[in-house]
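What follows draws every value from the coordinates through simple rules; no lab data is involved. Remember, it's a predicted structure, so these values are computed and weren't measured experimentally. Cβ: placed from backbone, ideal geometry, glycine included. Neighbour counts: every protein chain shown.
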């Protein structure tokens, strides 16, 4: 009980180090969501609308990749970006950029797989109507993505939730450097192992509160825009 | 602005369609030329919807061939279809019409004017900015008509568009269909409502079990059917 009280006090006092950590976590995870959406949504829609040999296997693989362990992604990106790795010359290991890359890779399958399912279901409903209007393949993709926009918000939230909550990937490629690559999750892990439970608890509460408010904002946007456009 | 090629005459030449072991359409030949509305009449399950889907190019025959203006290419040029339950795009009524106009390659500069004209034509001008999915069944059917008319069709296929509407909404939809017919659009409409056939039809195609049973002028079909099946159907007997 006393631990929780100290955690709330930390938040209420507005500790600048705490805010820097919160800001970095949000910047990294939101950037990853934007990048993963740009890649994953067209990919999912394409997979939903095309038929080719081996497609079912690809769908199963994509669904399985939703459960990709963050530490494995972190390790793979670490190997790519480390000095001796193929992209080592870029010198971005242990930077927020590397963290964005790792989280993007982690959540592209989530957004792509959920988009694939959503778009495929909608296509079953729209197929006749769009075929009768002679809509081009590219037009079908954009129409279905746009008309599925309210459902696709759930895919984005799932991606964001995954990115904001993971610790393994950002820890490995970011290095948890104080004031530079320390995020809420890596800080919680570190403070817990140091025995600084009030700070760990405070950070944990802030993280949960932020995820909750982003979901609430997304819900509000959905309700409002559905009322506007049906 | 007329497209260079035409979708008429629409010719079905000895067309059959099988789904597994079931024969849905059986060696059916039909030529559709410009003129008064053609109503496709028959009991449920007689193949009316499938016939319309073949006419639209949405289904392919298992045997026989379909051609549009002499072409076998199923790409819709100047034809449109109204489904029994049309899908409303998740946008406003006006945006639904705008979408159809864009797909029909209407010039951007003409779109606003045509959206207003089409919505006026189907009596939805006041609901232009309402989300399409919030409209009533009759309003949705009229919006789907506006979308179909946006393609500037020569031939409009309709699959029992009033089957789930109340009489007032049915009248609204029928008035638009008659107006379209008067403006020179060939109407091909499936119906199993004999009152509707009497109100709209120029001629009738009567289907039984996927085959063409009787064909002719509406008045002749309704008052002097030549086949036993047609006479039974008109009497209100079940034709199986």
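Of note:
- Calculated FRET value between residue B:16 and residue B:71, using beta carbons and R₀ = 22 Å, to 0.05: 0.60
- Spin-label zone in the range B:161-177 - amide nitrogen under 20 Å from a point set 7 Å from the Cα of residue B:44 along the C-beta vector: B:161-167, B:170
- Helices in chain B, meaning DSSP H runs of at least 4 residues, each add -39500 (n - 2.57). Divided by all residues, the mean residue ellipticity at 222 nm is -10500 deg cm²/dmol.
- Descending semi-axes in Å of chain A, equivalent ellipsoid built from Cα gyration tensor: 37, 23, 13
- Of the residues B:79, B:171, B:107, the one that moves most in a GNM of chain B with alpha-carbon contacts below 10 Å is B:107.
- For the protein assembly as shown, the square roots a ≥ b ≥ c of the C-alpha gyration tensor eigenvalues yield an a/c of 1.5 or more together with a/b exceeding b/c, which makes the shape prolate.
- A straight line joining the Cα centroids of the range B:59-114 and the range B:184-229 runs 26 Å.
- Extension gain, residue B:23-residue B:175: 0.36 nm per intervening residue step, less the Cα-Cα distance, totals 51.2 nm.
- Peptide-level mean, for B:87-99, of C-beta atoms on other protein chains within 10 Å: 4
- Test item: A:142-149 mean partner chain Cβ contacts at 10 Å: 2
- Order of B:194, B:145 - criterion: other Cβ atoms within 10 Å of each residue's Cβ, fewest first: B:194, B:145
- Number of partner chain Cβ atoms within 10 Å, mean per residue of A:120-133: 5
- GNM flexibility winner over chain B from B:201, B:59, B:146 (Cα, springs under 10 Å): B:59
- Packing-based order for B:158-167, A:54-63, using average beta carbon neighbours within 10 Å, highest first: B:158-167, A:54-63
- Inter-label distance, nm, simple model (7 Å from Cα along the C-beta direction), residue A:39/residue B:109: 4.4
- Rounded FRET efficiency, nearest 0.05, which uses the C-beta distance separating residue B:134 from residue A:193 and R0 of 51 Å: 0.40
- Against chain A, whose longest principal axis is taken from its Cα atoms, helix A:137-147 shows a tilt of about 60°.
- Applying 1/(1 + (r/R0)^6) with R0 = 60 Å to the Cβ-Cβ distance of residue A:224 and residue A:50 gives a FRET efficiency near 0.95.
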